[in-house]
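Report on the following structure.
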């Protein structure tokens, strides 16, 4: 049985997903803005976030909000112990190009850490949910990270964040080393879905630099509750999930314990981790 907060989040995620589905056949007519170089948002991102916030505010008006589009917002009574962390459309570039791989990502943080998580893929009708201490589910069936023992034959996922292009050389050096052992590396264009797929065992591990809290807060909890490990590139705990953090974002690696340990060693030995020092 889903926790009451998760039921609220599911309703909100579906409301946002419905907005995205309604607009996906009129992509040419959408107003698109370039937030930063090669980092885009459209009017539908904002409309989806509005629909999500409407549902969340109706249920818990006193909780704070951190949204990709709307930024940080206080609850009706000011600062709150709880924060909704919202990415109304993770995979905006995919969406705008008609590539069917994007999602809605929601987390409820208690202090700095995610307490509940929902990642909703409207096109596949796949609903990933997790609650701290309660495990992770896909369409209400329990999921677990993969059981792979090392990088040999591993399926990895990564991303090339627009704000991280200055470190692309170090990232490509890392990929060269990884491809000597791993089966392959996927770049899907949605950090939230990458993490959900790691939680479901579809990918063995994920790593990326330049991600923000709204990209990963829900996915981090999904991986943890599916038996996996999350950390930064040097193995330190993840930064607080209820605040945006630095403009350049943060680093994250996630996977089952053995693969994530092996992945971290390559990230460090290749010099990619040092690129963030």
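The values are calculated or read from the model by the stated rules, or taken from the named source; none is laboratory data. A quick note: this is a predicted structure, and the numbers were derived from the prediction, not measured. Every residue, glycine among them, receives a Cβ derived from its backbone with ideal geometry; neighbour counts consider all protein chains shown.
Only one entry in 244, 254 is surrounded by fewer than 21 Cβ atoms within 10 Å (Cβ to Cβ) and either in contact (Cβ under 8 Å) with a residue 12 or more places away in the chain or assigned to a helix (DSSP H, G or I) (or both), namely 244. Every listed requirement among (1) buried (at least 21 other Cβ atoms within 10 Å of the Cβ); (2) assigned by TED's automatic domain parsing to the domain that holds residue 203 is met by residue 160 save one, (1). For the range 232-241, the set of residues classified as buried (at least 20 other Cβ atoms within 10 Å of the Cβ) and touching a residue at least 24 places away in the same chain (Cβ under 8 Å) consists of 233, 241, listed by residue number. Could we say that residue 170 is over 21 Å from residue 115 (Cα atoms), out of contact with any helix residue (DSSP H, G or I) (no Cβ under 7 Å at 6 or more places or on another chain) and at pLDDT below 95 here? Considered against the rule, which asks whether it is over 21 Å from residue 115 (Cα atoms), out of contact with any helix residue (DSSP H, G or I) (no Cβ under 7 Å at 6 or more places or on another chain) and at pLDDT below 95, residue 170 comes out as no. All of (1) more than 29 Å from residue 24 (Cβ to Cβ); (2) under 16 Å from the mean Cα position of the chain (by Cα) hold for residue 159 with one exception: (1). Taking the listed residues 134, 153, the one that is over 19 Å from the mean Cα position of the chain (by Cα) and more than 25 Å from residue 179 (Cα to Cα) is 134, with no other qualifying. Check the range 201-208 and report whether any residue there is crowded, with 18+ Cβ neighbours inside 10 Å, assigned by TED's automatic domain parsing to the domain that holds residue 232, in a helix (DSSP H, G or I) and in contact with a strand residue (DSSP E or B) (Cβ under 7 Å, 6 or more places away or on another chain). No, the range 201-208 has no match at all. Whether a residue is surrounded by fewer than 21 Cβ atoms within 10 Å (Cβ to Cβ), over 15 Å from the mean Cα position of the chain (by Cα) and either more than 22 Å from residue 9 (Cα to Cα) or not assigned by TED's automatic domain parsing to the domain that holds residue 263 (or both) was assessed, and residue 229 does not pass this test. Every condition in (1) outside any loop (DSSP other than H, G, I, E, B); (2) surrounded by 15 or more Cβ atoms within 10 Å (Cβ to Cβ) is met by residue 168 except one, and the failing one is (2). Return a yes/no flag: does the range 172-183 have any residue that is more than 24 Å from residue 63 (Cβ to Cβ), within 16 Å of the chain's Cα centre (by Cα) and outside any loop (DSSP other than H, G, I, E, B). No, there is no match, as no residue in the range 172-183 is more than 24 Å from residue 63 (Cβ to Cβ), within 16 Å of the chain's Cα centre (by Cα) and outside any loop (DSSP other than H, G, I, E, B).
Is it fair to say residue 44 is surrounded by 19 or more Cβ atoms within 10 Å (Cβ to Cβ) and either at pLDDT 95 or above or not assigned by TED's automatic domain parsing to the domain that holds residue 135 (or both)? Considered against the rule, which asks whether it is surrounded by 19 or more Cβ atoms within 10 Å (Cβ to Cβ) and either at pLDDT 95 or above or not assigned by TED's automatic domain parsing to the domain that holds residue 135 (or both), residue 44 comes out as no. Selection of the range 83-112 for residues being over 14 Å from the mean Cα position of the chain (by Cα) and either more than 16 Å from residue 9 (Cβ to Cβ) or at pLDDT below 95 (or both) yields 93, 94, 95, 96, 97, 98, 99, 100, 111, 112.
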